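Student: First the structure, then my questions, so here it is.
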Amino acid sequence: MAPAEAQYLKALRGFFQPILEAEYPEKGSMLVLALDEACSNVVKHRRNALMEGMVHVRATIGGGAIRIEIGDFCGTDDIPNIKPRDLADVRPGGLGTHFIAEIMDSVSFQPEPGFPGRMALVLEKRTAGTGSPAKDEGAQDDGD
């Protein structure tokens, strides 16, 4: 969990980068890029309803796959508007969703338990990791 402000994205990357690169030496930096792009979107497009003004990230690693959940990513009504822009539209910015879709095997939205109308972004990548069976890394709001 980190404050949903741009200056804290480096700390979030710094926490997950050594874990992802150790577990997936050949794909770790790309997974960090996908995570960073998704968290950047939370910071840039967040709503006042964002849980405690924090970015909530949970990574589950194991079984040849990684699953990254970014909590309270958007509202249900925002989903149709979240899509990559046409690559022929050459201009700065706006390519994060394109990078995420290219890097990950699956990008989906799931309802946030206890927060009606709010959705978590779920990124999944199948990869032949060298790590141990599924384990959770990262921080999340467990309601404690």
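The values are calculated or read from the model by the stated rules, or taken from the named source; none is laboratory data. Quick caveat, the model's predicted, so the values are computed rather than measured. So basically every Cβ, Gly included, is an ideal-geometry build from the backbone, and we count neighbours across all protein chains shown.
Student: From (1) out of contact with any helix residue (DSSP H, G or I) (no Cβ under 8 Å at 6 or more places or on another chain); (2) under 19 Å from Ala34 (Cα atoms); (3) modelled with pLDDT under 85; (4) of a type outside the set (Val, Ile, Thr), pick out the condition that doesn't hold for Arg91.
Tutor: (2)
Student: Sticking with this one: Identify, please: which residue in the stretch 103-118 is within 14 Å of the chain's Cα centre (by Cα) and outside any strand (DSSP E or B) and is, among those, nearest to Leu33 (Cα to Cα)?
Tutor: Here the residue is Ile103.
Student: Which of (1) surrounded by 15 or more Cβ atoms within 10 Å (Cβ to Cβ); (2) farther than 23 Å from Arg126 by Cβ; (3) at pLDDT 85 or above is the odd one out, the single condition Val43 does not satisfy?
Tutor: (3)
Student: Leu95 - would you say it is more than 19 Å from Arg126 (Cβ to Cβ), surrounded by 16 or more Cβ atoms within 10 Å (Cβ to Cβ), without any contact (Cβ under 8 Å) to a residue 60 or more places away in the chain and not β-branched (Val, Ile, Thr)?
Tutor: So Leu95 fails the test.
Student: With respect to the numbered conditions (1) farther than 28 Å from Gly117 by Cα; (2) modelled with pLDDT under 90; (3) surrounded by 16 or more Cβ atoms within 10 Å (Cβ to Cβ), which one is the sole condition not fulfilled by Met30?
Tutor: Tallying (1) farther than 28 Å from Gly117 by Cα; (2) modelled with pLDDT under 90; (3) surrounded by 16 or more Cβ atoms within 10 Å (Cβ to Cβ), Met30 fails exactly one: (2).
Student: Return the residue satisfying two criteria in turn: it lies in the stretch 24-49 and is among the charged types (D, E, K, R) and out of contact with any Ser or Thr (no Cβ under 7 Å at 6 or more places or on another chain), and of such residues it is nearest to Pro84 (Cα to Cα).
Tutor: Ranking the qualifying residues of the stretch 24-49, first place goes to Glu37.
Student: Determine if the stretch 36-57 includes at least one residue that is assigned to a loop (DSSP other than H, G, I, E, B) and free of Cβ contacts under 8 Å to residues at least 24 places away in the same chain.
Tutor: Looking for residues that are assigned to a loop (DSSP other than H, G, I, E, B) and free of Cβ contacts under 8 Å to residues at least 24 places away in the same chain, one finds at least one in the stretch 36-57, hence yes.
Student: Scan the stretch 79-92 for residues that are surrounded by 12 or more Cβ atoms within 10 Å (Cβ to Cβ) and either touching a Ser or Thr at 6+ places or on another chain (Cβ under 7 Å) or not in a helix (DSSP H, G or I) (or both) and jot them down.
Tutor: Those that are surrounded by 12 or more Cβ atoms within 10 Å (Cβ to Cβ) and either touching a Ser or Thr at 6+ places or on another chain (Cβ under 7 Å) or not in a helix (DSSP H, G or I) (or both): Ile82, Pro84, Arg85.
Student: Next question. Among (1) more than 15 Å from the chain's Cα centre (by Cα); (2) under 18 Å from Glu124 (Cα atoms); (3) in contact (Cβ under 8 Å) with a residue 40 or more places away in the chain, which single condition is Arg67 missing?
Tutor: With (1) more than 15 Å from the chain's Cα centre (by Cα); (2) under 18 Å from Glu124 (Cα atoms); (3) in contact (Cβ under 8 Å) with a residue 40 or more places away in the chain applied to Arg67, the lone miss is (1).
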